[in-house]
Structure formats: structure tokens, C-alpha cells
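Here's the structure we're looking at; comments come further down.
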Amino acid sequence: MILDAAGLVLGLGLLLGGGHFLVSGASALARTLGISPLTIGLTVVAFGTSAPELTTNLTAAWSGSGELAFGNIMGSNLANIGLILAATALIRPFEVKRQIVTREIPMMLLATAAALVLALDELLSGQPNAYGRADGLILLLIFSVFVYYTWNEVQRERTAGPESRPARAEQRRSRKKSLLWVGLGLVGLVIGAEITVASSVSLAAGFGISEAVIGLTLVAVGTSLPELATSLVALARRQTEVAIGNVVGSNILNLLLVGGLTATTIPIPIPPDGIYDLLAVGLLSLLLLLFSLDRRGALIRAEAGVLLVLYLAYIGMRTIGG
């Protein structure tokens, strides 16, 4: 038991360290291309901070721990909105850009709705609820739409502001260093995922807690630590576009890319209470949209408090019930 706990701490530490190196390197690469902070948050940073979820889920799926993989996706998305974004706004309320309100948050809601419908196998066909390979391909198809629109935005920004790019020699030096950080980050993520999954499954069996709850809480929060670190750093630097872009982008990637790739690799069984997890993710996403649509156009402390209380209440209920 002690060795399992130590292994979990080590695995999460490697995930956090790997995510930090990957995000730092990827962000530096993006800056040399003249991309805005919001787009960096939605793309490069979101990809980097979702890498722990992807590596953990693929490892869990191949290890036969499908419920852990499902719980990790849902738990990470819940934590991103109800814990990370809420904590960031509690420290300092921030403006929500119009692009996020009109495109990215609706895309996040669409991804959640698609994941919910695809999970209703028992209701629609009488089969056990699970994400099969066909479901994974549908999620990846929706993800390709998100990539298409985001790529067009990147191209528009690069065309609009070429004069702000660094000199070519500086670009080459920066890219070499950034690529080294990306490589170190990937190594840390892969090794950390292996250790985290193995230790989590052992702990779940030892305490009599279901893998879905372990994935929904401990592993999900652990793999969301890169998002938390990124958001806090962005807040300190007053780059709030990176913070909310990172959270919304990560949630889209978790549902569509991480879920899609995992399901197409090995089908993911959905635990008995998994539908409630999807509904909880949808509720927090909808509240975030409604809060962002008010006249202030910002996420204030009172609204952040609502998100945090709902998150803690749901996680507490699921932990006690699991």
C-alpha cells in the first residue's frame, strides 16, 4: 500500500514535470510564429496540458482499466472548469473574450453533448454503455472540425501580424531549445502515465474504491495539474486569454481527441454512474457559457464560487457513493 502511494506520487510528479516542459517548449515554438495568446492557449498549450490525459488513458485502456480512462476524462473536464478556472477567477476575475463565448465554449458543449449521446447505448440499442471504435471515430471527426476552424484562425493571425515575428536566426535558436523541452516533456509524460495507472489500480483495489472514482478524482486532478500551473502563471502575467483558452481547449481535446483515440484503440466501458458524470460536465460547461454571456462579459468571483461549490459537492457525492 505504501509503495503504491509512493508510486502514485512519483507518477503524478513526472506527469506534472513532463507537462511543464512540454507546455513551455510548445508555447515558445508558437510564439516564434506570431500567434496570439488566446490561440496559443486553445491550441499549443491545450495540446500540451492534455498530453497527460492522453498518455494516461491509452495506458489505462491497454492495461484493461477502461473505467479509469473514462473517469480520468470526465474528472479532468470537471476539474478544469469547477476547480482550475474557478480558482483562477476567485483570485482575480477576468474578461471572457467574445471568440471564446461565440465559438470555443459552444464547441465544448457540442463535444459534451456528442459524448453523452454516444454513451446512451443501453437506452438506444439495449447494449451495455460503452465507447466503441465507431464512437471514437465520430469523436475524432468532430475534433477535425475544431482543428479546421482553429487552423484558419492561426493562418489569419500569422498573415495579419508578420512584422512582430523574431528574426530568423533567433527563431532557429529558440526552436532548438523548445524542441529539447518538448522531448523531455514527452518522456516524462509516458513514464509518469505508466506509473500512475499501475499505482492507481492497486490503490483502488486496496481501498475497495472503484476505478471510475479513482480516475474521476485523484488521477483526474493529478493530470490536470499542468492546466492549473499554466492558468496561475498566465494569471500572474495578466495573460488571462491563455488561462481560459487552455481550459476550454483542454476540455475539447479531452472529449474529442483523448476520448476518440482511446476508444478507437480499445473500447471504453462506461461505469454505471458515468452518465451522471457526463451530465455534470455539461452543466458546468453550460453555466460557464451563461456566466460569460452576461453584461459584464467576465467571470466574477460570485460566479466562480458557484462553479467551485458545485464541483466540490459532486465530487464529494461520487466519492462517498463510489
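Each value in this text was obtained by applying a stated rule to the coordinates, not by laboratory testing. Note that the coordinates shown come from a computational prediction; the quantities given were computed from them, not determined experimentally. Here Cβ is always computed from backbone atoms with ideal geometry, including for glycine, and neighbour counts include all displayed protein chains.
Results, tabulated for the structure shown:
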{"read-out": "Extension gain from residue 62 to residue 313, taking 0.36 nm per residue of separation minus the Cα-Cα distance", "value": "87.2 nm"}
{"read-out": "Whether the stretch 42-109 is rounded, prolate or oblate, judged on the alpha carbon gyration tensor where a/c under 1.5 counts as rounded", "value": "prolate"}
{"read-out": "Karplus-derived HN-Hα couplings along the stretch 124-137 (A = 6.51, B = -1.76, C = 1.60, θ = phi - 60°), whole Hz, x at Gly and Pro", "value": "8, 10, x, 8, x, 5, 6, 9, x, 5, 5, 4, x, 5"}
{"read-out": "Packing rank of 275-285, 139-149, 63-73, where each peptide gets the mean count of other beta carbons within 10 Å, highest leading", "value": "63-73, 275-285, 139-149"}
{"read-out": "For the chain, calculated [θ]222 nm from helices alone, where every DSSP H run of n ≥ 4 adds -39500 (n - 2.57)", "value": "-24500 deg cm²/dmol"}
{"read-out": "Residue 124 versus residue 95: modelled label distance in nm, points set 7 Å from Cα along the beta carbon direction", "value": "4.1 nm"}
{"read-out": "Residues whose placed amide H lies under 5 Å from that of residue 94, excluding near-sequence neighbours", "value": "299"}
{"read-out": "Rounded, prolate or oblate (a/c below 1.5 giving rounded, otherwise prolate when a/b exceeds b/c) for the stretch 1-125 by Cα gyration tensor", "value": "oblate"}
{"read-out": "Normalised per residue, the volume of the convex hull around the Cα set of the stretch 2-321 (Å³)", "value": "125 Å³"}
{"read-out": "Whether the stretch 250-304 is rounded, prolate or oblate, judged on the alpha carbon gyration tensor where a/c under 1.5 counts as rounded", "value": "prolate"}
{"read-out": "Inter-site label distance for residue 5 and residue 145 at 7 Å from Cα along Cβ, in nm", "value": "4.7 nm"}
{"read-out": "For the stretch 219-322, radius of gyration divided by Kirkwood radius, i.e. Rg to Rh on alpha-carbons", "value": "0.99"}
{"read-out": "FRET efficiency for residue 175 and residue 137, using Cβ-Cβ distance with R0 set to 35 Å, rounded to 0.05", "value": "0.55"}
